[in-house]
């Protein structure tokens, strides 16, 4: 029975996602860290570049989101493009340094 339990957990594709979701802090407190993480994941290796390109392709980032006669499909496509745009922006917008003091007028 223990083997079946192990086999079931090994075959459960959602367990990996649950484990990943429970690791570390939620979100980023530092936009520079997010920029560096996204760049290292997507652009440090040829595999990362291929994954990035595939995500952009799946999301239809470089195509129009409009579907003639179907506003619901248009909204779905635009939602997909929105996720791709967020990934894209996280990869290309390096965080600006925050000023250490305020300027008085």
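The values are calculated or read from the model by the stated rules, or taken from the named source; none is laboratory data. Everything quoted here is computed from the prediction, not taken from an experiment. All Cβ positions, even for glycine, are placed from backbone atoms using ideal geometry, and neighbour counts span all protein chains on display.
In segment 44-67, how many residues are surrounded by 11 or more Cβ atoms within 10 Å (Cβ to Cβ) and in a helix (DSSP H, G or I)?
Residues flagged as surrounded by 11 or more Cβ atoms within 10 Å (Cβ to Cβ) and in a helix (DSSP H, G or I) within segment 44-67 amount to 10.
Which members of segment 46-91 meet the condition of being within 22 Å of residue 31 (Cα to Cα) and in contact (Cβ under 8 Å) with a residue 24 or more places away in the chain?
Listed by number, the residues that qualify are 52, 55, 56, 83, 84, 85, 87, 88, 90, 91.
Quick test for you: out of 29, 33, pick the one residue that is under 26 Å from residue 81 (Cα atoms), under 17 Å from the mean Cα position of the chain (by Cα) and at pLDDT 75 or above.
Among 29, 33, only 33 is under 26 Å from residue 81 (Cα atoms), under 17 Å from the mean Cα position of the chain (by Cα) and at pLDDT 75 or above.
This table checks each residue for (1) in a helix (DSSP H, G or I); (2) touching a helix residue (DSSP H, G or I) at 6+ places or on another chain (Cβ under 6 Å); (3) surrounded by 11 or more Cβ atoms within 10 Å (Cβ to Cβ).
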site	(1), (2), (3)
28	no, yes, yes
41	yes, yes, yes
69	no, no, no
72	yes, no, no
